[in-house]
Amino acid sequence: MVKWSDFERAAIQDIFSKIDYDVVGRAAFSRCLIVYPWTQRYFGSFGNLYNAAAITSNPKVAAHGKVIMAGLEKALTNMDDIKTTYKDLSVLHSEKLQVDPDNFNVKLFSFYCLTIVVAGQMGAAFTPEVQGAFQKFLAVVVASLRKQYH
Amino acid sequence: MSWMAARSKSDHLTILEFLFVRSLLSGVDKMSLSAKDKATVKAFWAKISSSGEAIGADALSRMLVVYPQTKTYFSHWKDMSPGSAPVKKHGATVMGGVAEAVAKIDDLTAGLLSLSELHAFTLRVDPANFKILSHNILVVLAIMFPTDFTPEVHVAMDKFLAAVARALSEKYR
């Protein structure tokens, strides 16, 4: 079971209370598709992803950004048992979507894109300690999503 | 390559020739910097370079807090807390290296040779840490330059820092 300090809980809740889910979801997911273009592999039905401008204005991208943020909110409201909360999501990603589990690696969407977008939104309030708490939360999310892969 | 033309058609490449040709091709990096990437990096750097020291200090502070295993390299410092004097000084040193890399962007391997030797033989920084520091530099750029750090700039800078890390790892083994 993951232990959260009072500071970590407060910091993570604070971040999610301050960010605009639609803006952040779309921006982070767009960045993922732009900065790591091989992730486009999973979104063949999304239409025009030919360049950064097309990606950031693509309505399916925006819609999917919202789906991801909704998923993260589930973890936020169940911080003490993310693993169980994510059991079905993990199965979905491994069996139905067949996402390469390495793409859940800290490298991609969660750390490198979402963290960067949240940092941009929050500015100086995103202190090193707050960043640490947020990245720990994302690490637990990522590990829980990988749990059902075999 | 006239020496190849001089061979008779029935000759196959010897092992040596094969290795020579392959060594020429290995200069072509996976995901190497395009002309557009280099232009984007240089233009962005021109905007941000005057904040180099602040960027370096903040990136290093974040690395030490968020990835505490990196503190092992700095156990000789009196104070590893964010914004401390040793952190500020070292942040400036690191960004000085990044500035040099921007100036030598057309041949990072040659340009960063002595830095590579320093990291390989003296500092012996595990190259896995280059990715960690790069990530924190990008976080700082997002905070300090929210409008300029567009997705296009992000991908160019990410590729550039990865190329710098590769150049620094050249001499490791």
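The values are calculated or read from the model by the stated rules, or taken from the named source; none is laboratory data. As the structure is a prediction and not an experimental result, all values here were calculated from the model. Positions of Cβ are generated from backbone atoms using ideal geometry, with glycine treated the same way; all protein chains shown enter the neighbour counts.
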If the Cβ limit is 6 Å and pairs must be 6+ apart or interchain, which residue in region B:96-108 that is in contact (Cβ under 8 Å) with a residue 60 or more places away in the chain pairs with which residue that is among the basic types (Lys, Arg)? B:Ile105/B:Lys38
Give the number of residues within region A:58-79 that are surrounded by fewer than 13 Cβ atoms within 10 Å (Cβ to Cβ) and at pLDDT below 95. 4
Can you tell me how many residues within region B:82-128 are assigned to a helix (DSSP H, G or I), within 14 Å of chain A (Cβ to nearest Cβ) and surrounded by fewer than 17 Cβ atoms within 10 Å (Cβ to Cβ)? 1
When you scan region B:60-77, do you find a residue that is farther than 17 Å from A:Phe126 by Cα and surrounded by 19 or more Cβ atoms within 10 Å (Cβ to Cβ), even just one? yes
Where a residue in region A:116-134 is facing chain B (nearest Cβ under 8 Å) and its partner, wherever it lies, is among the hydroxyl-bearing types (Ser, Thr, Tyr), with Cβ under 8 Å and at least six apart: A:Pro128/B:Ser61; A:Gln131/A:Thr115
Of the residues that make up region B:78-90, is at least one over 26 Å from B:Lys42 (Cβ atoms) and acidic (Asp, Glu)? yes
A:Ile12 vs (1) assigned to a helix (DSSP H, G or I); (2) touching a residue at least 60 places away in the same chain (Cβ under 8 Å); (3) over 26 Å from B:Asp158 (Cβ atoms): all pass except (3)
Please go through region B:134-168 and pick out each residue that is closer than 20 Å to B:Gly91 by Cα, within 9 Å of chain A (Cβ to nearest Cβ) and of a type in the set (S, T, N, Q). B:Asn136
Go through region B:154-172 and count every residue that is of a type in the set (Val, Ile, Thr) and crowded, with 20+ Cβ neighbours inside 10 Å. 1
Within region A:15-41, residues being in a helix (DSSP H, G or I) and either crowded, with 16+ Cβ neighbours inside 10 Å or of a type in the set (D, E, K, R) (or both) number 18
